[in-house]
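Q: Below is one structure. I have some questions about it.
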Amino acid sequence: DIRGQPLLRRLVATLRESGVRDVTVVRGYKKDMINLPSIRTADNDLYAATGEAASLACAKDHIRDACVIAYGDILFRRFILDELIAADDDIVLAVDAHWQERPFDPEGGYRAFAACSRPFTRDLLDDEPAFLARLGDDVPKNQVNGEWIGLARLSARGSETVRSELEAMLADGSLARASLSQLFTRLVERGHTVRAVYVTGQWL
């Protein structure tokens with residue numbers, strides 16, 4: 001419950017405000033609790049033994065055309081998604097440049113740190129894009145430029161790229177335990193461009 005509404009309902013409302021009409025939620029733990037009338041669902045019944053990429057693969061038939069991928073437990077200001085949608089690149093991630101201001105809790109779970117082609121700058125006239133080099137909790141601290149907030153936007157071509165990589169991971173046996181950080185890092189390593197759009201907080 002977040003101020004009187006389930007977190008997922010708030011997230012879906014933000015997506016719809018930005019024009020995302022067709023929402024599919026991958027369910028796992030206590031899946032019967034995920035019952036919003038306005039969504040489609042896909043189930044990862046092996047959730048206890050698999051990771052994020054395997055959950056995403058359960059909805060791969062819905063990764064088509066322009067689409068958004070989001071963790072189910074985040075909240076963010078609508079303008080962040082609007083910025084991702086406005087970007088021209090095929091794969092775009094929202095990266096929080098103020099990652100150091102978030103309190104570090106060793107028991108607080110996984111954090112996806114991003115190493116990018118250039119750091120964030122406050123210079124209003126500097127509009128050089130930043131691109132992902134690596135994503136994960138094992139990025140050396142001196143290489144961290146931000147933290148991925150768990151929100152991505154794909155073009156139609158980007159959706160095709162992600163679907164193909166999920167199939168490749170299934171074929172080589174790496175899908176079951178892989179994180180989304182590993183998925184996006186693999187794409188970079190294979191020569192695909194992944195854009196990082198810097199944000200400055202405004203998410204939970």
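Bear in mind that the values in this text are calculations on the coordinates, not laboratory data. All values derive from a computational prediction rather than experimental measurement. Glycine gets a Cβ as well: all are built from the backbone with ideal geometry, and neighbour counts include every protein chain shown.
Q: Considering only the chain, what is the antiparallel percent among its DSSP beta bridges, to the nearest 5? Walk me through the numbers before you get to the answer.
A: Numbers: 19 of 29 bridges.
Counting DSSP beta bridges with both partners in the chain, the antiparallel share is about 65 percent.
Q: I'm spelling it out carefully: the read-out is Cα Rg over 2.2 N^0.38 Å, the candidates are [x] 1.16; [y] 1.09; [z] 0.99, and one was derived from this structure. Which label?
A: So the structure-derived entry is [z].
Q: On a full-extension model of 0.36 nm per residue, what is the gain between R190 and Y110, subtracting their alpha-carbon distance, rounded to one decimal in nm?
A: Extending this stretch completely gives an extra 26.4 nm.
Q: What whole-number distance in Å separates the alpha-carbon centres of region 12-37 and region 174-189?
A: 23 Å
Q: Additional query: No solvent, one uniform scatterer per C-alpha: report log10 I(q)/I(0) for region 1-42 via the Debye equation at q = 0.18, 0.22, 0.24, 0.30 1/Å, two decimals.
A: The computed values of log10 I(q)/I(0) come out as -0.52, -0.76, -0.88, -1.16.
Q: Along each of the three principal axes of the Cα atoms of region 129-204, give the extent in whole Å, ordering the values from largest to smallest.
A: 37, 28, 25
Q: Would you please name the trypsin sites (Lys or Arg not before Pro) within region 143-204 that are DSSP coil residues with at most 14 other C-beta atoms within 10 Å of their C-beta?
A: Sparse-neighbourhood loop trypsin sites (Lys or Arg not before Pro): R177, R190.
Q: Pick from N145, N35, N44: which residue has the top mean-square fluctuation in a GNM of the chain where Cα pairs under 10 Å get a spring?
A: Evaluated over the chain, the most mobile residue of the options is N35.
Q: Moving to a separate point now. Under a point-charge model restricted to the Cβ atoms of Lys and Arg (+1) and Asp and Glu (-1), what is the dipole moment magnitude of the chain relative to its Cα centre, in debye to the nearest 20?
A: 460 debye
Q: In a shell of Cβ-Cβ distance under 9 Å around A178, excluding A178 itself, what net charge do Lys and Arg (+1) and Asp and Glu (-1) give?
A: +1
Q: Loop-only GluC sites (Glu not before Pro) in region 1-108, please: DSSP not H, G, I, E or B, and at most 14 other Cβ atoms within 10 Å.
A: Those that pass, being in a loop and sparsely packed, are E107.
Q: Given axes a ≥ b ≥ c from the Cα gyration tensor, I'd like to know whether region 1-88 is rounded (a/c under 1.5), prolate (a/b larger than b/c) or oblate.
A: Oblate shape, in that a/c is at least 1.5 and b/c is the bigger or equal ratio.
Q: Right, next: At 0.36 nm per residue, and after removing the present C-alpha to C-alpha distance, how many nm does the segment from S164 to S117 gain when stretched out fully?
A: Between S164 and S117, full extension yields an extra 14.4 nm.
Q: With a/c under 1.5 counting as rounded, go ahead and sort region 37-108 into rounded, prolate or oblate using the C-alpha gyration tensor (a ≥ b ≥ c being the square roots of the eigenvalues; past the cut-off, prolate if a/b is larger than b/c, else oblate). Don't jump to the answer; show the numbers that get you there.
A: Working: a/c = 1.99, a/b = 1.13, b/c = 1.76.
Oblate.
Q: Would you mind checking which residues have amide H under 5 Å from A130's amide H? H placed 1.01 Å from N; only 5 or more apart, or other chain.
A: The list, which skips near neighbours in sequence, is A196.
Q: Sticking with this one: If I take every Cα pair under 8 Å that is 6 or more residues apart in the chain, average their sequence separation and divide by the length, what percent do I get for the relative contact order?
A: It rounds to 30 percent for the chain.
Q: Now a separate question. Of the trypsin sites (Lys or Arg not before Pro) in region 45-89, which ones lie in a loop per DSSP and count no more than 11 other C-beta atoms within 10 Å?
A: Sparse-neighbourhood loop trypsin sites (Lys or Arg not before Pro): none present.
Q: Once you keep just the Cα pairs under 8 angstrom separated by 6 or more residues, what percentage relative contact order results for region 50-142?
A: Dividing the mean separation by the residue count of region 50-142 yields 20 percent.
Q: Charges only on Cβ, +1 for Lys and Arg, -1 for Asp and Glu: so what's the dipole of region 74-187 about the Cα centre, in debye to the nearest 20?
A: Its charge dipole is roughly 220 debye.
Q: What residues qualify as long-range amide H neighbours of H98, i.e. H under 5 Å apart, gap of 5 or more or another chain, H built at 1.01 Å from N?
A: Close amide H contacts, sequence-distant or interchain: G201.
Q: What percent does the relative contact order of region 120-204 come to when contacts are Cα pairs within less than 8 Å and at least six residues apart?
A: Once divided by the residue count of region 120-204, the mean separation gives 53 percent.
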